[in-house]
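The structure under discussion appears below in the form of structure tokens.
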Amino acid sequence: MHNFDLFQIEKSLEQEIKSINSLKELESLRVKYLGRKGIINQLTSKLALLPLEERRLQGQRINLLKEKLISIFSSKEDQLKLSSEIKLVPVEVGLPGIIQSLGKIHPLNKVIEEICDVFLRMGFSIAEGPEIETEYNNFTGLNIDLEHPSRDVFDTFYIEDQNLKFKNQNLLLRSHTSPVQIRVMKERKPPLAVIVPGKVYRPDAIDASHSFMFHQIEGFLVDKDVKFSDLKGTLYLFAKEIFGKDIKMRFRPHFFPFTEPSAEVDISCIICKGKGCYVCKRKGWLEILGAGMIHPQVFRNVGYNPIHLSGFAFGMGIERIAMLKYGIDDIRLFFENDLRFLEQF
Ligand code: DAH
């Protein structure tokens, strides 16, 4: 028996153990090398034939080899146990991968971003306010008197729990973004040019053009000597950016308690270019927002002096603008999370 043979035994175990993948296979390999009739025991049984001196020497070498083999087996056993815990998922590299579809910006948020971008370029900044508002900010501060129909419970969601009040004020879900005018003006000094995107709530029955929750963008500017023509110029530029250069615009006299004078603003129908069609109900015009010069009482309510200051304000519904811009005929599509709809934008 040569050193070489013992070395070969170690080498062949190292080779064989590489292809072992389970504890069961490992056990039969162990029997082959270390079992009762295994390779090591066969060697040991041959020792008896050797002269005493050599028997001792070979005996020691076989024992050394045996220890080595035991340690090879035990580290392989550890390795198998560990990888069975990790449970590697087999990867079939020949198959195409699973394509993760990319998310997209919701069409309403896209329109909000686009509109904000137009006003940011004109020097406006963005402000936000809470969706739960005080009755004061939503109505009283905006010069909306106690008899105004919009205060009715049929037109505004009030928070009925009388324990939920803010500084003795009733709370409600804001019915428009205009209360942020009050918040910003109370906190900051003019000159101001601010736009306010956000969600608003009204107890309307849901149909193709109504939803209990929708989005508005409010805008207002306060400075010395702000004129109605500044309002017209600002809104005209906005409409051209959003609906195209050829758009026409008109201001119809209207009433809002928080502006004086007030107007509803129309653009020429983007479908029929003013000729008259089913979208504009044959009028050739589409109403897109309300606007006006900020009422002196609103200035007084926030501690501004209306003698020295003037300003304009406007407010628009985002869903309506998005529906006109993309030719969408049902507001519910925005809120149903149907990917067949959403993926088109
Ligand atoms: N807050 C009004 C509404 O929800 C929209 C509006 C009209 C806002 C005129 C304004 C404005 O700032 O000046 O119907």
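Counting 0.36 nm for each residue step from residue 154 to residue 246 and taking away their Cα separation leaves a gain of 29.1 nm.
Restriction of the GluC sites (Glu not before Pro) in region 17-100 to DSSP coil positions whose beta-carbon has at most 15 other beta-carbons within 10 angstrom yields 92.
Placing +1 on the Cβ of every Lys and Arg and -1 on the Cβ of every Asp and Glu, with nothing else charged, gives the chain a dipole about its Cα centre of roughly 1060 debye. One way to sum up the overall shape of region 2-87 is the equivalent ellipsoid from its Cα gyration tensor, whose semi-axes run 29, 11, 10 Å, largest first. When the Cα positions of 9, 211, 324 are compared along the charge dipole of the chain, 9 comes out farthest toward the positive end, with charges on each C-beta of Lys, Arg, Asp and Glu. Its DSSP H runs of at least 4 residues, each contributing -39,500 (n - 2.57), put the calculated 222 nm mean residue ellipticity of the chain at -12000 deg cm²/dmol, to the nearest 500.
Under conditions of 10 °C and 1.306 mPa s, region 211-345 yields 97 µm² s⁻¹ as its translational diffusion coefficient, taking Rh as the Kirkwood radius over Cα pairs in the Stokes-Einstein equation. In a fully extended conformation the segment linking residue 70 and residue 145 would gain 17.7 nm over its present Cα-Cα distance, using 0.36 nm per residue. For residue 41 and residue 95, what is the calculated FRET efficiency with R₀ set at 51 Å and r taken between the beta-carbons, to the nearest 0.05? Result of the calculation: an efficiency of 0.60.
Cysteines of the chain lacking any other cysteine Cβ under 4.7 Å from their own Cβ: 116. Determine which lysines satisfy two conditions relative to residue 76: a Cα distance under 27 Å, and not lying fewer than 8 residues away in the same chain. Within the straight-line cut-off, residue 76 pairs with 11, 18, 24, 32, 37, 66, 68, 87.
Roll a 1.4 Å probe over the protein chains and send me the accessible area per residue for the chain in Å².
Values: 20750 Å² over 345 residues.
Roughly 60 Å² per residue, with all protein chains present.
A simple spin-label model places pseudo-atoms 7 Å from Cα toward Cβ; at residue 110 and residue 213 they are separated by 2.2 nm.
Around the amide H of residue 200, modelled in the peptide plane, lie the amide H atoms of 214, 215, 216, all under 5 Å away and 5 or more residues distant in sequence or on another chain. Kirkwood radius, the chain, all distinct C-alpha pairs, inverse of mean reciprocal distance: 26.8 Å.
A full extension of the chain between residue 131 and residue 31 corresponds to an added length of 28.5 nm, given 0.36 nm per residue minus the alpha carbon distance. Computed in the context of the full set of protein chains, the accessible area of region 104-211 at 1.4 Å probe radius has 52% of its extent on carbon or sulfur.
The values are calculated or read from the model by the stated rules, or taken from the named source; none is laboratory data. Fair warning: this is a prediction, and the values are worked out from it, not measured in the lab. Cβ atoms come from the backbone with ideal geometry, glycine included; neighbour counts cover every protein chain shown. These area figures cover heavy atoms from the full protein model, side chains too; ligands, DNA and RNA do not enter into them. Shrake-Rupley method; radii C 1.70, N 1.55, O 1.52, S 1.80 Å.
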